[in-house]
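Inspection log for the structure reproduced underneath, given as structure tokens.
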Amino acid sequence: MATVVPTSEEDAALSVVRFASELAWADAGPEVAEPQVSRLCMEAEEFIVMGKWLELASLMITSAELIFSKVSEKDIESVFTIICNLVTKTENPDEVMEIVKVITAKLLQQPNEKPAARLKILINLYNLLETPYCQFYVYMKVLNLAVDGKVTEYIIPSFKKIDNFLKDWKIGIPEQRELFLAISNILKENKSMSKDAFKFLTSYLSTFIGEDAQVLSEAKEEAARAIVEFVRAPDIFQCDLLDLPAVGQLEKDAKYGLLYQLLKIFLTQRLDAYLDYHAANSTLLKSYGLVHEECIAKMRLMSLVDLSSDGSGQIPYELIKDTLRINDDEVELWVVRAITAKLIDCKMDQMNQVVVVSHPTDRVFGQHQWQELRTKLVTWRGNIANVISTIQANKITEDGSQAAQGLVIR
């Protein structure tokens, strides 16, 4: 089989055109193929001489796409490395963007054909780019290809770097929404990453802060989904959904009003409120795929957190039994579950039948909690400043005393 053997920068592009066009026209016979190959090579050479890099990219990509099923992945990568390198030939950012669009459009046309190779090509293209928005554009195409080609496992590790990417890309709110939602949708398909999926979904909803009602309405479906995911997740007990306007709009919504009520119960009330809600809305819960027994288990833990935050520092076993609606011998079991989930820091006093709470967890962490944290930090900073001042004052006094003693000895 023929391979691409470029000998110089200019020859590389011509080699790709010749290699790809010969393969593309191979079945037509030499009488038909040779004139076509010659024509394409002449066009390519003309584009190179004139510096028409976009036209050259379009010419090269058309033939290259046709050979995906005919050559090895190594040859495909070699061909597209040369094509992608065209973005470095021009200093015009608009032309770079157009070349990027030409390349990505072709690569995404048949995502199920060698998807891993296509993904590798896109990542190579990303690394060649210097324009932040072009990088973002290609990254979004990477996500699309990974989903359509069912190779998301290759791009999930990159999600840990999103904060750094955002600093580099400097993209606007609409682009952030597109990004956060795409990532959340990818992660929700992986059950082990439900926490991360919820985090990015919350980030998406947070971008609607300050928007008017018309724009907020765009987020209704995802706001409802966020509520369902929070209620369903067995390991998420804290969120700020109630502070988000995108979620708040559901309170009086005809379709999602009851779902919003469920969220308020999980974040601000106890098990008895949930049981009353279930009695009246069991069909609704089933329609969202929520399992009653799982909801009860989560609400018991949430209720225990609520009991621990009343400020008394102690929770009688009897109160836990009544609030969680459990038997006497189950009290310590549920306390251990809460400790294991890192919901409360406490000790069990079996002699006095009370739970001694050292540190509770807030079920809601919104503006009020941030203000409390800020106040504590300011107080802590002031205390540290006082300690430092005291130490410095003592040191000055001590140094003065030593100096005086030295004078007496002399």
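The values are calculated or read from the model by the stated rules, or taken from the named source; none is laboratory data. Worth saying up front: this structure is predicted, and the values here are computed from it rather than measured. All Cβ positions, even for glycine, are placed from backbone atoms using ideal geometry, and neighbour counts span all protein chains on display. When the accessible area is computed, the model is the full protein with side chains, heavy atoms only, and any ligands, DNA or RNA have been set aside. Shrake-Rupley method; radii C 1.70, N 1.55, O 1.52, S 1.80 Å.
Summary of computed values
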| read-out | value |
| --- | --- |
| Qualifying residue in the stretch 245-255 (condition: outside the structural domain of Lys347 (by the TED database), without any contact (Cβ under 8 Å) to a residue 40 or more places away in the chain, outside any helix (DSSP H, G or I) and open to solvent by less than 10 Å² (accessible area, probe 1.4 Å)) | yes |
| In the stretch 188-206, the residues that are of a type outside the set (Lys, Arg) and closer than 26 Å to Ser217 by Cβ | Ala197, Phe198, Phe200, Leu201, Thr202, Ser203, Tyr204, Leu205, Ser206 |
| All positions within the stretch 207-232 that are small (Gly, Ala, Ser) and open to solvent by less than 40 Å² (accessible area, probe 1.4 Å) | Ala219, Ala223, Ala224, Ala226 |
| Positions within the stretch 176-196 being within 16 Å of Lys160 (Cβ to Cβ) and of a type in the set (Lys, Arg), in sequence order | Lys195 |
| Close pairs from the stretch 289-316: first open to solvent by 10 Å² or more (accessible area, probe 1.4 Å), partner polar (S, T, N, Q) and not in a helix (DSSP H, G or I), Cβ under 7 Å, at least 6 apart | Pro316/Gln353 |
| Wholly within the stretch 37-134, helices (runs of 4 or more DSSP H) carrying at least 2 residues that are modelled with pLDDT under 95 and closer than 24 Å to Glu178 by Cα | 93-107, 115-128 |
| Residue among Asp240, Asp235 that is surrounded by fewer than 20 Cβ atoms within 10 Å (Cβ to Cβ), touching a strand residue (DSSP E or B) at 6+ places or on another chain (Cβ under 8 Å) and at pLDDT below 95 | Asp240 |
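For (1) surrounded by fewer than 19 Cβ atoms within 10 Å (Cβ to Cβ); (2) in contact (Cβ under 8 Å) with a residue 12 or more places away in the chain; (3) aliphatic (A, V, I, L, M); (4) in a helix (DSSP H, G or I), each residue gets a yes or a no:
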{"site": "Val142", "(1), (2), (3), (4)": "no, yes, yes, yes"}
{"site": "Ile162", "(1), (2), (3), (4)": "yes, yes, yes, yes"}
{"site": "Phe165", "(1), (2), (3), (4)": "yes, yes, no, yes"}
{"site": "Asp168", "(1), (2), (3), (4)": "yes, yes, no, yes"}
{"site": "Glu175", "(1), (2), (3), (4)": "yes, yes, no, yes"}
{"site": "Glu178", "(1), (2), (3), (4)": "yes, yes, no, yes"}
{"site": "Ile186", "(1), (2), (3), (4)": "no, yes, yes, yes"}
{"site": "Glu189", "(1), (2), (3), (4)": "yes, yes, no, no"}
{"site": "Met193", "(1), (2), (3), (4)": "yes, yes, yes, yes"}
